Each structure stands twice: as C-alpha cells, then as structure tokens.
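None of the figures in this text is laboratory data; all of them are computed from the coordinates on show. Treat the numbers as computed from the prediction; the structure is a model and nothing was measured. Here the Cβ is made from the backbone with ideal geometry for all residues, glycine too, and neighbour counts use every protein chain on show.
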Amino acid sequence: MTLAGAALVALLVMLFAALVLGGLIIGGRAVRRAREAKRAKLAKPARQLLLAIAAGDDDDAQVEQLVRLPEEVWLAVEPNAVALLGKVRGEAHALLVDVFERRGAAWRARSQLKRRDPVARAMAAEVLGNLGRKDALLPLCDLLSDPDADVRVVAARSLGRIGDAGATQPLLATLPSRRPVPAHVVATALTRLGTEAQGALTASLDDPRAPVRATAAEVLGLIGAVGATVRVESALRADPSLEVRISAARSLGRLGTRTAMAPLLDALDEDKPAVLRAEAAKALGELGAVSAAPVLTELLADPDYAVAHNAARSLLRLGNAGRAALVAAEHRAHVRPRHSAEPDEGPDPEVLLGAAHAREALAAAELDDHRKQTVP
C-alpha cells in the first residue's frame, strides 16, 4: 500500500470513529432526556400532592398517598420533596417529616452518608438535617471533614437545623482545619443552636486558634449571650488577634450591656487599627448610650472614612441628642471664625469634614423618615 493510500485509510478510520463517538453522545443525550421525561411524568402527580401539603392542606388521605407511592415514583419525586422539606415550616413541615419517616427515608439517608458519590452524601445529609434527626449528630460531624467542600457545607447547615449543642465544638474545629467550612456557614449553624451552645462558645474564647475565637465571639453576640459579656469584653481588650477583637466589638454592640461602653471607648483610641475603631464606633450606636454622643461627635472629623461614617450613623441611633449633635456639627461649617487674621478664611478642614459626614447622615435619616411616611 502506498503512503497516500495509508493516509486515506487512516483518515477514513478517524472519520468513522468520530461518527461513532458522535452517535454515542447523541444517543446518550437521547437516553438521558427520555429518562428525565419518564421521571418527570412519574413525579407529576406526587408533586401535586407535595404542593398541596405545603399550601396547608392537611388532608390525611394525601399524606397516605405519599406514604404508599411505589418506590419508583417516590425516587422520582424525592428531590422535590427534600427541597420542599427545607423550605416549609409548621404543620406542613411536620406532615412532610411524617411522610419521610414512614417511608424509611432517615434509615436510607444514614446508609448513603458514605456513598462515593458526593451528591448522594450531600443529599443524605440534607435529608437528615431537615428531619431534625439528633441520632445523626455523629455521622454528620464526621462529614465536616469530607473531601468535598459542598458536602461539608451541607453537613454544617444540617447540624444547625438539628439544633444539638453537641455540634458546637466540631463546627468550630472546621474553621482552622485542612478542609475548612466557610466561617459564615459555621456562624449561621451555631446561631441556630441557640443559647444551649453558650457554654461551649464561651470556653472557645480561650482556644489557641484565632478563627475559632473570632467565630465564637461573633456568635455569642448573635444569640444574645448576655452572660458572656465579661468574657467578650476581655477579648476586645486583650486578644492578640485583630479579627477576634473586631468580632468582640461587634458582639458587644449586639449584647447591649452598659459595661460594654468602657472597652468600646478604649477601642476608639487613635493608636488602634482603623477597622477596629470603625467597628467600635458602630457598636456604640447599637448600645444606645447617649453619654457616648460627645466622643462620636469628635469622630466625625476622623481621617478614616469608615470611622467617621459609622460615628455619624451611630449618632442617629442615639435619638434626639444624637441628631442635635449632627445638626450642630453641620452648622459649624457655615460659621466664620471670629478672630481670624484673614477675613475670608472659612472653617478649618476638620470642621468641614465633620460637617460633611453629619450632612450625609442627616440626609439619609430624612430620606428614611420620608419612606416610612409614604409606605402604607
């Protein structure tokens, strides 16, 4: 065979292979579409039952129909049922939990937590969380170190839904680990555990790992753990991590105790990092302490925008006294110095800067008041 002939044969073989591969791809897509169409057809009547229950129809006959669905039909509608279970509350949620339990969904989900497919593991974790299965606490905690990031996130959220305080330390331990869960996901899950987690969270303020201390301080404020105020104040004053001190300042604003004012004022010192000073200025407004108005007024001229901006907004939160301070600061920009060497000399730059922040805050307050008056 000549070289040209061999090349032609090779080309024909490649074309044939490409045609076969294309046919397989098209055929595979056709099979998937057919399978999805069959699943959608099977699931349609069951989806209507699910929506009826979600809408508040507590007809026992509909619950029984879901419980008695053939396995093939249930498997087709199960993803819809899982999604709905995580959205509904009250009686509708209780009815769906009853359906899942009677169909053995909890047992099946437990058996799927170690599947190779990460989607199967995540779905199983979501089911157990939505069912509130406290007996799934340990296996879900194990999933917090799963190789798949999405599985870890689902496991953390499910532990939050279950609401067992025993998950506090495992959730916090994921933050500095080799396979972390995002801090905001952990914080949300811990918040759902409520005040039962207060003891473990307070103890975690002594953890050697800064991310653990920071999240613990944050969540103590979110759950309103007033009993932990002294420990959070100590974290604001002395923790070596800036991240922890910022979280502590934010939490003290949320906790709203009078003793929090002194450490927050200390955090406003000029030698402190600007990001901490800005958070402390914001927290003072949340405390609602009118006695903080003079300090906040001075901060209106701070060279750091976030510090001055937060101080202005905090003054608004102090009510009439805070607004009066803002009006006075804004007015000073229009007052010409009495003993100026130059007759046309205006206010100094600090006064103008403070007035600008005051004006911005007052304009925002006026707009907000207008919206409240116009909304029916």
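In 10 Å bins starting at 0, how do the alpha-carbon pair distances of the stretch 166-220 split up by percent?
28, 64, 8
Please work out the FRET efficiency for the pair ALA94 and MET14, using the Cβ-Cβ distance as r and a Förster radius of 45 Å; give the result to the nearest 0.05.
Step by step, r from the Cβ atoms, then E = 0.15.
If you line up the Cα atoms of the stretch 216-265 on their principal axes, what length do they span on each, largest first, in Å?
Here the spans come out as 24, 21, 14 Å, largest first.
Where the only charges are on Cβ atoms (+1 Lys, Arg; -1 Asp, Glu), what is the dipole of the stretch 89-234 about its Cα centre, to the nearest 20 debye?
Computed about the Cα centre, the dipole is about 480 debye.
Put one equal scatterer on each alpha carbon of the stretch 141-256, apply the Debye formula with no solvent term, and list log10 I(q)/I(0) at q = 0.21, 0.24 1/Å to two decimals.
-1.05, -1.30
Would you mind checking the pairs LYS44/LYS114; LYS87/LYS134; LYS44/LYS134 and listing those with alpha carbons more than 28 angstrom apart?
LYS44/LYS114; LYS44/LYS134
Extending each Cα 7 Å along its Cβ direction at ASP60 and TYR305, get the distance between those two points in nm, one decimal.
In this crude label model, ASP60 to TYR305 measures out at 6.5 nm.
Taking the Cα atoms of the stretch 97-197, what is the range of coordinates along each of the three principal axes, in descending order and whole Å?
Rounded to whole Å, the extents work out to 38, 32, 18 Å.
How high is the FRET efficiency from ASP368 to ALA165, r the C-beta distance, R0 45 Å, rounded to 0.05?
Result of the calculation: an efficiency of 0.70.
Pop the C-beta distance of SER177 and ALA324 into the FRET formula with R0 = 30 Å and round what comes out to the nearest 0.05.
0.05
Just want the answer: with Cβ charges of +1 for Lys and Arg and -1 for Asp and Glu, which residue in LEU222, LEU255, PRO240 is farthest toward the dipole's positive end in the stretch 217-262?
So the residue furthest toward the plus end is LEU255.
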